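One structure is given here, and the rest of the page talks about it.
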Amino acid sequence: MTVDLTKGVRQTATLAEAARVLGIGRSTAYKLAKQGALPVPVLEIGPVMRVSLAHLERYLDTGVPIRSGSARKPQGALPHDSGISPDAASG
């Protein structure tokens, strides 16, 4: 993904903003973030905690939690429901 920094468009939300979108309280969002249990990865920039708007939107669309490092599938990865085992696909 290429981010155009000249547009000035925010790519992140504060935990308080994310909490409102998720329908949970601000303190609950911070508690979940500290436990690593928020359904989207938390970006910690010094004392500031943010979440990616793209991750938040994806979670809201799918209902599937997004874990750190899972935003993109590795190249060559097969969908889980493809019915093809990785061994069969490579041979």
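Here, each number is a calculation from the coordinates, and none is a lab measurement. This structure is a prediction, so every number in the text was calculated from the model and none was measured. We place every Cβ from the backbone using ideal geometry, glycine too, and count neighbours over all the protein chains shown.
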>> Please rank VAL9, VAL42, fewest neighbouring Cβ atoms within 10 Å first, as an exposure proxy.
In response: VAL9, VAL42
> How far apart, in nm, are the 7 Å Cα→Cβ label points at LYS31 and GLU57?
Replying inline: 3.1
> In nanometres, what is the gap between the two model label sites at ARG20 and ILE45, each 7 Å from Cα along Cα-to-Cβ?
Replying inline: 1.9
